[in-house]
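Some notes on the structure that comes next.
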Amino acid sequence: MIDQTAAWRALAAHAATMRETHLRELFVGETNRQARFTRRAAGLTLDLSKQRWSTETQRLLLDLAREADLPGAIRRLLDGERVNVSEDRPALHTALRLPADAALEIDGEDLVPGVHATLDHMATMVERFHAGQWRGATGKAIRHVVNLGVGGSDLGPLMVTHALADFRPSGVHRIEVHFASTMDGSQLADYLGRLNPETTLFVLSSKSFTTIDTLSNARTARDWLMTRLGVEEGVDDALVMRQHFIGVSASPEKMGEWGIAPANQLEFWEWVGGRYSLWGAIGLPIALVVGMDGFRELLAGAHAMDRHFREAELADNLPVQLALAGIWNVNFLDIRAHSILPYDGRLEYFAAYLEQLEMESNGKSVTHDGHEVGYSTCPVLWGQLGPNAQHAFYQLLHQGTQAVECDFIAPLRRYDDVAEEATRAHLKSQHRLALANCFAQSRVLMLGDDAIEDDGPRPGHKRYRGNQPSSTLLLDRLTPATLGALIALYEHKVFVQATIWAINPFDQWGVELGKKIAGETQRILERREGIEAMDASTRALIEAAWAAEE
């Protein structure tokens, strides 16, 4: 176990002294601290100088990383070895962004040609949509695409399409992309009430093609189309299926059984976890918004971070350093809450995306060899757009009783391409306002009272302790390439932490258990039998649901 090693014990001893050290003291004692703890790669700048650590801390954390054989783990991940030990398969999301002239042979097969064949298939589809040539069953060009998916089949594409909406290609038939994930049908019902079935297409995104949330929405969408086009317009059912549905799955058989035409099926593979899947066919909604050129730029940015992750020394490696800061906070400073705070409205869904990426990956308590861990793993992660969060939960960050690690994220430049001069000036001023708030908040969280330029005494309710650790991530600009690098940075951070904690970030058995129990409970609700096996609370809840139906 990693907590029994000399490297862990050395960090624990070191932490006993560092817990009493305030961040303001670290900055006073190290005049070049910012430069020492700042690294840059792939259009990103990572400033870790506001973390509650020192050069000695970093050295000891690197010893811990080497004790866990992190260099070997990075190589094994990127070389396609079976790092997903509980399911005995590799985790090859990085293969989805390899360039076409690369090669990655797994079990005697080069995966790259298949990956790029799927990308080419996507490109053909996207070109048809953007040319106005993908027509519905009545001959009208498709204008609205609704993605039906949940988890990784929803959060990633939703986040990226929102973040990159400024990068829509010009001069093409505009496609509006929507997302429906909730199993209760509320999101879908809204779209069905507003959209024209003649110009609406649905993308069914499900790795297994058995996810009840997605298939429930899909059946409702199919019945809506069949009623509105088949019954009312007299259109053949097969034509409706062919012109209004695309499937994305690792199970072509199940797509075919459901009625998805073979030409409308996009493949991804069992070696890609759902929350790591936006880089392939699950990213079709992204490509519909930004075009295939923009989508390939997203892949290229992620691949640039992959190369940095493989090639950079641990001390200069952005994912490694970001991960080690988290290990230090969680395991040695006892900081078990982590907030993601973007200062750019385009990153509105980034925190939600990371909640799944981090907590579904590393929310584990058992090591690879089946032993319960004796140390904390993934912190509770949440977040919101920074300007909104300032008026919501920053009060807790500044004066609450909880220690929280924060990640501040912002692009340095924005609005350079706004044509009208006065509007551009106003918008750039607003961007500077956002940056000012981003930088000021991390400074106050660090310094507390020392950030305030007055000498008068203050009552307790106006005192600020500071000493809250944070990282600041600056993008040169928010582009498809830098967003790709940013996402890949966090993917690799998760892997580094999982390696040190000796847990598997690529399975999600807790999620699978929830699905299984939900299915059993659904059968009881529908059949009205088997309730005697339930506990008293669940039995009462089921009976209340039955009573509501009567």
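Taking the Cβ-Cβ separation of LEU195 and ALA545 as r and a Förster radius of 30 Å, what is the calculated FRET efficiency to the nearest 0.05?
0.45
Based on Cβ point charges of +1 for Lys and Arg and -1 for Asp and Glu, what charge dipole magnitude is obtained for the range 509-549 about its Cα centre, in debye rounded to the nearest 20?
120
Could you tell me the relative contact order of the range 438-550? Use alpha-carbon pairs under 8 Å, at least six residues apart, and round to a whole percent.
14
Which number comes out as Rg/Rh for the range 253-391 once both Rg and the Kirkwood Rh are worked out on C-alpha atoms?
1.02
With a 10 Å radius around each residue's Cβ, average the other Cβ atoms per peptide and rank 304-310, 458-464, highest first.
304-310, 458-464
Taking +1 at the Cβ of each Lys and Arg and -1 at the Cβ of each Asp and Glu, which of GLY136, LEU104, GLY114 sits farthest along the dipole of the range 85-147 towards its positive end, judged by Cα position relative to the Cα centre?
Farthest along the dipole direction, towards plus: GLY136.
Taking the radius of gyration and the Kirkwood hydrodynamic radius from Cα positions alone, what is the Rg/Rh ratio for the range 509-549, to two decimal places?
With Rg and the Kirkwood Rh in hand, the quotient comes to 1.00.
Go through the range 160-173 residue by residue and turn each phi into a ³J(HN,Hα) via Karplus (6.51, -1.76, 1.60, θ = phi - 60°); whole Hz please, and just put x for glycine and proline.
Per-residue couplings from phi come out as 6, 4, 5, 5, 10, 4, 5, 9, 4, x, 8, x, 10, 4 Hz.
From the alpha carbon gyration tensor of the range 1-145, can you work out the equivalent ellipsoid semi-axes (sqrt of 5 times each eigenvalue) and give them in Å, largest to smallest?
Rounded to whole Å, the semi-axes are 47, 24, 14.
Cβ under 9 Å from GLY448's Cβ, GLY448 left aside: what net charge do those residues give with Lys, Arg +1 and Asp, Glu -1?
Around GLY448, the charge tally is +1.
Could you work out, for the range 93-288, what percent of all Cα-Cα pairs fall into each 5 Å distance bin, beginning at 0 Å and stopping at the bin that holds the largest distance?
Result, from short to long distances: 1, 8, 16, 20, 21, 16, 9, 4, 2, 1, 0 percent.
Sorted from largest down, give the three principal axis spans of the alpha carbons of the range 36-99, whole angstrom values.
39, 30, 15
Given q = 0.12, 0.18, 0.21, 0.22 Å⁻¹, what are the Debye log10 I(q)/I(0) values for the range 200-315, with equal point scatterers placed on the Cα positions and solvent ignored?
Debye curve over Cα of the range 200-315, log10 I(q)/I(0) at q = 0.12, 0.18, 0.21, 0.22 Å⁻¹: -0.53, -0.96, -1.16, -1.22.
For a quick check: with amide H placed at 1.01 Å from N, whose amide H comes under 5 Å from ARG135's, ignoring anything fewer than 5 positions away on the same chain?
Result for ARG135 returns ILE142.
Debye calculation, C-alpha points only, no solvent: report log10 I(q)/I(0) for the range 391-506 at q = 0.10, 0.11, 0.21, 0.24 Å⁻¹, in the same order as the q values.
Debye output, listed in q order: -0.48, -0.57, -1.16, -1.27.
Where the centroid of each part is defined by its Cα atoms, how far is the range 295-321 from the range 472-550 in Å?
About 28 Å separates the Cα centre of the range 295-321 from the one of the range 472-550.
In the chain, if the dipole is taken from +1 on Lys/Arg beta carbons and -1 on Asp/Glu beta carbons about the Cα centre, which of ILE524, ALA389, THR214 is farthest to the positive end?
ALA389
About the Cα centre of the chain, how large is the charge dipole given +1 on each Lys and Arg Cβ and -1 on each Asp and Glu Cβ? Please answer in debye to the nearest 20.
1340
Which whole-number percent gives the relative contact order of the chain, counting Cα pairs below 8 Å spaced six or more residues apart?
Rounded, it is 19 percent for the chain.
Scale the Cα Rg of the chain by the rule-of-thumb value 2.2 N^0.38 Å and send over the ratio, two decimals.
In units of the globular-protein estimate, the chain measures up at 1.04.
Helix 55-67 sits at what angle to the longest principal axis of the chain, using alpha carbons and giving 0 to 90 degrees rounded to 10?
That works out to roughly 50 degrees.
Which of ALA337, GLY370, TRP258 sits closest to the plus end of the dipole of the chain, meaning its Cα is farthest towards the positive end, when Lys and Arg get +1 and Asp and Glu get -1 on the C-beta?
Comparing the listed Cα positions along the dipole, ALA337 ranks first.
Quick one: of LYS207/LYS515; LYS207/LYS493; LYS50/LYS364, which pairs are farther than 18 Å apart, Cα to Cα?
LYS207/LYS493; LYS50/LYS364
Go through the range 254-265 residue by residue and turn each phi into a ³J(HN,Hα) via Karplus (6.51, -1.76, 1.60, θ = phi - 60°); whole Hz please, and just put x for glycine and proline.
Listing the rounded values in order: 6, 4, x, 4, 6, x, 6, 4, x, 5, 9, 9 Hz.
Throughout, read-outs are computed from the coordinates displayed, never taken from laboratory work. Quick caveat: nothing in here was measured; it's all calculated off a predicted structure. Cβ sites come from the backbone with ideal geometry, for glycine too, and all protein chains shown count toward neighbours.
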